[in-house]
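Novice: First the structure, which I've put down as structure tokens, then a few questions once you've had a look.
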Amino acid sequence: MSAELYYKSASELSGLLDRKEISSVELTQSVIDRTKAVDDLVQAFNSFDEENALAQAEESDARRKRGESLGSLDGIPVGIKDVLAVKDQPLTCSSKILADFVSPYDATCIQKLKRSGAVLWGRLNMDEFAMGSSTENSATKITGNPWKLDCIPGGSSGGSAAAVSAGEAIVSLGSDTGGSIRQPASHCGIVGLKPTYGRVSRYGLAAFASSLDQVGPMGRTVWDTAALLQSISGHDPNDSTSYRIDVPDYVQAIEQLKGRKWTFGLPKEYFENAEDTASMGPVKEAIEFYKSLGCEIKEVSLPHTAYAVATYYIVATAEASSNLARYDGIRYTHRAESFDAKDSVDIYRQSRAEGFGNEVKRRVLLGTYVLSSGYYDAYYLKAQKTRTLIRRDFEEAFRDVDALLTPTAPSPAFKRGAHSGDPLSMYLSDIYTISANLAGIPGLSVPCGYVDGLPVGLQILGKPFKEDEILAMGNEFESAHNFKNEHPSL
Amino acid sequence: MAEAPHIDIDKVAELARIALTDEEKTKFSSQLESILGYIDKLNELDTTNVEPTAHPHSVENVWREDRATSELPTSEALKNAPKQRQNMFVVPKVVE
Amino acid sequence: MEYEAVIGLEVHVQIKTESKIFSGSRSGYGYEPNTLVDPVVLGLPGSLPVMNKTALDGIIKAGLALNCTIPDYCKWDRKNYFYPDSPNNYQITQYDQPICDGGFVEIEMKGETRAVMGSHRKVALTRIHLENDVGKLNHFAEDSLVDYNRAFTPLMEIVSEPDMHSGAEAFAFLTAIRQTMIYCGISDCDMEKGQMRADANISVRPVGQKELGAKIELKNLNSITGVKNGIEYEIKRQTQELKKGRTMTQATWRWDADLGRTELMREKEDAHDYRYFPDPDLMPVRIDDEWRERIRCEIPELPFDKQRRFMEQYEIPYSITSVLVPDWELSEYFESAAKKAPKCAQAIGNYVTNDLLRELSESNTALSECKISPDGLLSLVEVIEKGVITKQIAKDVFIEMFNTGESATEVIERKGLKPDFDEGQVKDWCQEAVDENPRPVEDFRSGNEKALNALLGQVMKKSRGKANPQIVQGLLKELLS
């Protein structure tokens, strides 16, 4: 075998499993051993349960033995971002306020994953309540970038990206509110996809910003990412915002759409004045690659790009201030040891002060402010209107092109602490990813090269519900390059 | 844009039910004011007659039929409770 | 100086559904604490609301029955405030686009006597919107305990304009809403079970003044009578204060039904800042004419309309309709008998509102379990009408029917209550009575009409109560003339 089991792709592993050349228990053990060997360095996991994983693997092996395999993910270890509810497992959102919370129910995507036979493996670190771009806002631990441990893995799904990159999981689930899947995928040299808003159920995803959040897959190959997306997609009656629309066969689509001469758009607002954009080099080479395939490359305009970050931070924080109100020390969260019991409100103040980290406090305060009396029209309503303009920009652009090509992040992973104390500069690094959440469109990040020894991703933004197309586009690039076989040395 | 935005941090913290130390108040208000300063950029845009977007792909009339489904067992409902008694959640005495 | 009160009511009514407004756990009252809960009801991380279609139908029905406009479009908003009974610390409600706009409630004031219809008027509504109910706090000496069973029960808030002026009007308003809701099957409005709850806004001003006085919000009005008494007390208190030259300030007061007085809960506090915004977890609702019409068709004839019709169509007095109509089942029972014999309607009405209600209440039986069917009752009224049995005997027949479920004829047959003699026999008895009782005969002839009763009694005795007193009276008069 050319690589250790833990670094093989799900597509290859499912073949090995089907042909009984390996068992899921062997594979799972390999991932467990790898995790134990490297996670002291990477720190991707908030928690994991070996026995539980091996028990799932045994069940998978038994199914295969009976000839009842549930498909290509049956027996494959999947890491789970610690923001998704898994029955009888901790759900911490990397927050002190949920440190002891055990979920009594399964998220819909987790139920689907269980039905596809996947081995649910561990709870992956993240920025607290998915608020951040570096996973430094975790109350649990600081995750390192497997390529350079003193650099951040990106965020908020930093644990999910780092684990896959380091071979501690074959694929993983993340969530993306403003780039939280794509940016860490880019920083850790893996593939990450944010589905169209409504493609994957949010039921059981601890909400950050309800109108922006999506659960999505991360993997080392486009194929693996497609297979994971397949298993979690589809309409869910428990989520009023999930969309009633057919789910195509993504893996098949990758093959079927191979060789298609796509028309790509380059948003001029993303490419002009980009001298400081360190990741531009590899991205431009990737664009050349598509040109060489005979694809057409056009300049397009997204005129309201400059307003995206401001719009995003109003919408996201306003929704978050309300979504996080339930963490109050009353029903299931951390309750402050001491509070003034005569003041019926103090239990909230103290529990939340102790339970939330700084970034969460900052955003809850900002969101509270923009919704407060007298400011609603100036901030929230204004942002909702600007959101319409941003959405229309994309509709307009997609009249002429099939997808947009952009960098995923302006620069590769930065050093830990580089942005601490300056939240705004951190927010501005989400510039390329945020608009997709505001417009509700799908986005894929595929590894496309290195800058200073750190991976860089190409972002492909697609039309609503055209995940199959951007996956096929990404696969085209991936197959012609060797990035998927390049792993960090740990 | 007019004057730099000013946040009444005490009022906001009270609405958000988060106790802040004086140091935090100073730090957060200056950070939030700088973010709000940046956000004020939206005022450059004329959004008269622009419909607000509440959902990226809005549909209407999404509902369920009125049928009871399963509940959580009481033990599960209470298992994360910081304090419980008589199968209920204990909270400080609420004076109306 | 004369003063007048201006009153507005906010009435919360739970909609009767099988499951909660935004999730599948059951709606219900009287269950063990925290048994009707699920991830949504507890506000667990990741839980999401999904609208209950029946709750929407219910409020549209309420709106149409209360003469509201149902706009084409409405949406959901979050009302943000921290309170231990609120699982998410926000309530899902409707802020600026409620499902029902405007409307009015027809109310009836008390008449001069119970036999006289009181005056009717319309109380204007502002709106009705739908929201989730919250959990229940149980207070103890040291702490409070929260039960979330009630949380997420569908709850309508019916908001009136400041359009009432007395406790009696508020009483009539709530009574009318309650009856309408029950008629429409929307809610049982049992205030003891919290299915209907009311808060009042009361202000008092000098007559002639345009501006409203300071608004006092009155809470803890736990029964319709409590609303009336609480409001009346509060009007009196505020008026006295004003007469003493004091000024009122906006505040919340609480009605103590045991002590029969109101007490201050809190002075005007900082206006709440609820930070309303559209709930991103729920999609808006669009209502078309087809939907409105479908619901409109489900609305039964409403109480006051039915009362007016009964009085006209069956020519029965107000006093009977005012007992029949407030109880939908009872009025339906009455009508299914009365429409087959409109001429007997009054007799049927009398039986329903007197004998039937008395027996039901004494035996603690629900009308739905009553053994006398409307047809059975009609059969009884008809045999009386035909003179087969006397009213006196009919009373016993009725009780037999009530206990056994037999028809009137069956009871009469079984107990041999049918007269076993002909009119000739009755004549003979009359003659005997005249012969045997010279005193009353004398008295009658000298002008004392009442003396006939003594003779009648004798004949009835001879017939063992089976003779028809009217016929007997006729015969006696004939004999004595």
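Taken together, the values in this text are just the output of simple stated rules run on the coordinates, not laboratory data. The structure presented is a predicted model; accordingly, all values stated were derived computationally and were not measured. Positions of Cβ are generated from backbone atoms using ideal geometry, with glycine treated the same way; all protein chains shown enter the neighbour counts.
Novice: How high is the relative contact order of chain A, given as a whole-number percent (alpha carbon pairs under 8 Å, six or more residues apart)?
Specialist: 17
Novice: Between 0 and 90 degrees, rounded to the nearest ten: what's the tilt of helix C:374-385 against the longest Cα principal axis of chain C?
Specialist: It works out to around 30 degrees.
Novice: To continue, here is another question. Place a +1 charge on the Cβ of each Lys and Arg in the range C:166-206 and a -1 charge on the Cβ of each Asp and Glu, then give the dipole magnitude about the Cα centre in debye, rounded to the nearest 20.
Specialist: Working: 4 positive and 5 negative charges, 25 e Å.
Here the size comes out at about 120 debye.
Novice: Then there is this: What does the structure give for C:86-99 when I average, per residue, the other chain Cβ atoms found within 10 Å of the residue Cβ?
Specialist: 2
Novice: Report, as an integer, the average count of C-beta atoms from other chains found within 10 Å of each Cβ along A:389-397.
Specialist: Across the residues of A:389-397, the mean count of other-chain Cβ atoms within 10 Å is 1.
Novice: Shifting gears a bit: Give me, ordered by chain and number, the residues 5 or more places off C:His12 or on other chains with an amide H under 5 Å from its own placed amide H.
Specialist: For C:His12, the qualifying residues are C:Ile158, C:Arg197, C:Ala198, C:Asp199.
Novice: Next question, about the same structure. To check my understanding: the extent here is largest minus smallest coordinate of the Cα atoms along each principal axis. What are those three numbers for chain A, in Å, largest first?
Specialist: That works out to 67, 53, 44 Å along the principal axes.
Novice: Ratio to report: Rg/Rh of the range A:413-459, with Cα atoms as the point set and Rh obtained by the Kirkwood method; give two decimals.
Specialist: 1.03
Novice: List the trypsin sites (Lys or Arg not before Pro) within the range A:38-123 that fall in a DSSP loop (any state other than H, G, I, E or B) and whose Cβ has at most 10 other Cβ atoms within 10 Å. Write out the running numbers ahead of the final one.
Specialist: Details: sites: A:Arg63, A:Arg64, A:Lys65, A:Arg66, A:Lys81, A:Lys87, A:Lys96, A:Lys112, A:Lys114, A:Arg115, A:Arg123; in loops: A:Arg66, A:Lys87.
Sparse-neighbourhood loop trypsin sites (Lys or Arg not before Pro): A:Arg66.
Novice: Related question: Per residue and in cubic angstrom, what volume does the convex hull of the Cα atoms of the protein assembly as shown have? Could the numbers behind the result be given before it?
Specialist: Details: hull volume 238.4 nm³, N = 1067.
For the protein assembly as shown, the hull spanned by Cα atoms encloses 223 Å³ per residue.
Novice: Report the residues of the range C:104-143 in range of a label on C:His272: point 7 Å along Cα→C-beta, backbone N strictly under 12 Å from it.
Specialist: Backbone N within reach: C:134.
Novice: Then there's this: What list of whole percents do you get for P(r) of the range C:423-480, with Cα-Cα distances grouped in 10 Å bins up to the one holding the largest distance?
Specialist: Reading upward from the zero bin: 26, 61, 12.
Novice: Please check chain C for the longest run free of GluC sites (Glu not before Pro) that are loop-located per DSSP (anything but H, G, I, E, B) and have at most 16 other Cβ atoms within 10 Å.
Specialist: My reading of the result: C:316-448 is the longest stretch.
Novice: Of the trypsin sites (Lys or Arg not before Pro) in the range C:411-481, which ones lie in a loop per DSSP and count no more than 11 other C-beta atoms within 10 Å?
Specialist: Filter output for the range C:411-481: C:Lys450.
Novice: Out of all DSSP beta bridges with both ends in the protein assembly as shown, state the antiparallel percent to the nearest 5.
Specialist: 80
Novice: Give the order of C:Trp76, C:Trp429 when sorted by the count of other beta carbons within 10 angstrom, beginning with the fewest.
Specialist: Listing C:Trp76, C:Trp429 from fewest to most nearby Cβ atoms yields C:Trp429, C:Trp76.
Novice: Still on this structure, please answer the following. Give me the extension gain from C:Tyr29 to C:Ser481: residue separation times 0.36 nm, minus the current Cα-Cα distance, reported in nm with one decimal.
Specialist: Answer, rounded to one decimal: 155.6 nm.
Novice: Starting from the Cα coordinates of chain C, work out the convex hull volume and express it per residue in Å³.
Specialist: Expressed per residue, the convex hull around the Cα atoms of chain C is 224 Å³.
Novice: Out of the DSSP beta bridges found with both residues in the range C:3-291, what percent are antiparallel (nearest 5)? Write down the numbers at each step before the final one.
Specialist: On the way: 55 of 59 bridges.
Bridges in the range C:3-291 are about 95 percent antiparallel.
Novice: While we're here: Among C:Val37, C:Ile231, A:Ala118, pick out the residue whose Cα is farthest towards the positive end of the charge dipole of the protein assembly as shown, where Lys and Arg carry +1 and Asp and Glu carry -1 on C-beta, about the Cα centre.
Specialist: About the Cα centre, the residue reaching furthest to the positive side is C:Ile231.
Novice: At what distance in nm do the modelled label points of B:Ser58 and B:Lys93 sit from each other, each positioned 7 Å from its Cα along Cα→Cβ?
Specialist: 4.8
Novice: If you stretched the chain out fully between A:Leu428 and A:Asn358, how much longer would it get, using 0.36 nm times the residue separation minus the C-alpha to C-alpha distance? Numbers along the way, then the final one.
Specialist: Numbers: separation 70, 0.36 × 70 = 25.20 nm, distance 1.83 nm.
Taking 0.36 nm per residue and subtracting the Cα distance, the gain is 23.4 nm.
Novice: Still on this structure, please answer the following. Please list 3J(HN,Hα) in residue order for the range C:108-125, calculated via the Karplus relation 6.51 cos²θ - 1.76 cosθ + 1.60 where θ = phi - 60°; whole Hz, with x for glycine and proline.
Specialist: Residue by residue, the range C:108-125 yields 10, 7, 5, x, 4, 10, 5, 8, 10, 5, x, 6, 10, 8, 9, 9, 6, 9 Hz.
Novice: Give the separation of the Cα centroids, the range A:123-145 to the range A:401-459, in Å.
Specialist: What the calculation gives is 17 Å, centre to centre.
Novice: Using the crude model of +1 on Lys and Arg Cβ and -1 on Asp and Glu Cβ, and no other charge, please compute the dipole size for the protein assembly as shown relative to its Cα centre, in debye to 20.
Specialist: With only Lys, Arg, Asp and Glu charged at Cβ, the dipole is about 840 debye.
Novice: For n ≥ 4 DSSP H runs only, could you compute -39500 (n - 2.57) per run for chain A, divide by its residues and tell me the 222 nm figure to the nearest 500?
Specialist: -11000 deg cm²/dmol
Novice: Taking the number of other C-beta atoms within 10 Å as the exposure measure, put A:Ser160, A:Ser292, C:Ser322 in order starting with the fewest.
Specialist: Ascending number of Cβ neighbours within 10 Å: A:Ser292, C:Ser322, A:Ser160.
Novice: Report ³J(HN,Hα) in whole Hz for each residue of the range C:92-98, in order, from the Karplus equation J = 6.51 cos²θ - 1.76 cosθ + 1.60 where θ = phi - 60°; Gly and Pro get x.
Specialist: Each residue's phi maps through the Karplus curve to give 8, 9, 10, 8, 9, 10, x Hz.
Novice: Let me ask another. C:Tyr73 label point, 7 Å along Cα→Cβ, cut-off 12 Å on backbone N: hits in the range C:273-298?
Specialist: Label zone hits: C:284-287.
Novice: Which one, C:Ala214, A:Trp262, C:Asn403, projects farthest toward the positive side of the charge dipole computed for the protein assembly as shown from Cβ point charges (K/R +1, D/E -1)?
Specialist: Value computed over the given set: C:Asn403.
Novice: Using modelled amide H (1.01 Å from N, peptide plane; none on Pro or chain starts), what sits under 5 Å from the amide H of A:Ile441, excluding residues fewer than 5 places away?
Specialist: The answer is A:Tyr197.
Novice: In addition: Across peptide C:55-64, how many C-beta atoms of other chains are within 10 Å of each residue C-beta, on average? Spell out each step's value before the answer.
Specialist: Values: counts 2, 3, 1, 1, 0, 0, 0, 0, 0, 0.
Going residue by residue through C:55-64 and averaging, the value is 1.
Novice: If r is the Cβ-Cβ distance from C:Lys244 to C:Asn222 and R0 is 22 Å, what FRET efficiency results, to the nearest 0.05? Mind dumping the intermediate values first?
Specialist: Details: r = 30 Å, r/R0 = 1.36.
Approximately 0.15, to the nearest 0.05.
Novice: From the C-alpha gyration tensor of the range A:118-242, pull out the three semi-axes of the equivalent ellipsoid (sqrt of 5λ each), sorted largest to smallest, in whole Å.
Specialist: 22, 16, 11
Novice: Taking the Cβ of each residue in C:His12, B:His55, A:His304 as the centre, tally the other Cβ atoms inside 10 Å and list the residues starting with the fewest.
Specialist: Details: C:His12 16, B:His55 19, A:His304 22.
Ordered by Cβ neighbours within 10 Å, fewest first: C:His12, B:His55, A:His304.
Novice: At R0 = 25 Å, how high is the FRET efficiency between C:Cys297 and B:Glu65 if r is their beta carbon distance? Nearest 0.05 is fine.
Specialist: On the way: r = 20 Å, r/R0 = 0.79.
With a Förster radius of 25 Å, E is 0.80.
Novice: Hey, another quick one. Given a Förster distance of 35 Å, report the FRET efficiency between A:Leu293 and A:Ala99 from their Cβ-Cβ distance, rounded to the nearest 0.05.
Specialist: That pair, A:Leu293 with A:Ala99, gives E of 0.10.
Novice: Can you give the calculated 222 nm mean residue ellipticity of chain C, where each DSSP H run of n ≥ 4 adds -39,500 (n - 2.57) and the sum is split over every residue, rounded to the nearest 500 deg cm²/dmol? It would help to have the intermediate numbers written out before the result.
Specialist: Working: 16 runs with 181 residues, N = 481.
Result for chain C: -11500 deg cm²/dmol, rounded to the nearest 500.
Novice: Next up: Just to confirm the filter: which trypsin sites (Lys or Arg not before Pro) across the range A:283-370 are DSSP coil and have at most 15 other Cβ within 10 angstrom of their Cβ?
Specialist: Values: sites: A:Lys284, A:Lys291, A:Lys298, A:Arg326, A:Arg331, A:Arg335, A:Lys342, A:Arg349, A:Arg352, A:Lys361, A:Arg362, A:Arg363; in loops: A:Arg331, A:Arg335, A:Lys342.
Filter output for the range A:283-370: A:Lys342.
Novice: Tell me, what are the semi-axes, in whole angstrom and largest first, of the equivalent ellipsoid of the range C:301-414 as set by the roots of 5 times the Cα gyration tensor eigenvalues? Present the calculation step by step, with values, prior to reporting the outcome.
Specialist: Values: eigenvalues 108, 52, 23 Å².
Semi-axes, largest first: 23, 16, 11 Å.
Novice: Would you pull out the residues with amide H under 5 Å of A:Glu296's amide H, same chain only if 5 or more places away, H placed 1.01 Å from N?
Specialist: Close amide H contacts, sequence-distant or interchain: A:Trp262, A:Thr263, A:Phe264.
Novice: Treating the beta-carbon of each Lys and Arg as +1 and of each Asp and Glu as -1, no other charges, what is the dipole magnitude of chain A about its Cα centre, to the nearest 20 debye?
Specialist: It comes to approximately 740 debye.
Novice: From the backbone phi of the range A:246-255, what are the Karplus-calculated ³J(HN,Hα) couplings (6.51 cos²θ - 1.76 cosθ + 1.60, θ = phi - 60°) in whole Hz, Gly and Pro given as x?
Specialist: Along the range A:246-255, the couplings run 4, 9, x, 7, 5, 5, 5, 4, 4, 6 Hz.
Novice: Follow-up. With unit charges on the beta carbon (Lys/Arg positive, Asp/Glu negative), name the residue among A:Val38, A:Leu98, A:Ile22 whose Cα is farthest towards the positive pole of the charge dipole of the range A:1-137.
Specialist: Checked the options; the winner is A:Ile22.
Novice: A follow-up question, please. Run the numbers for A:Glu396 and A:Arg260: contour at 0.36 nm per residue of separation, minus the present Cα-Cα distance, in nm.
Specialist: Length gained between A:Glu396 and A:Arg260: 46.7 nm.
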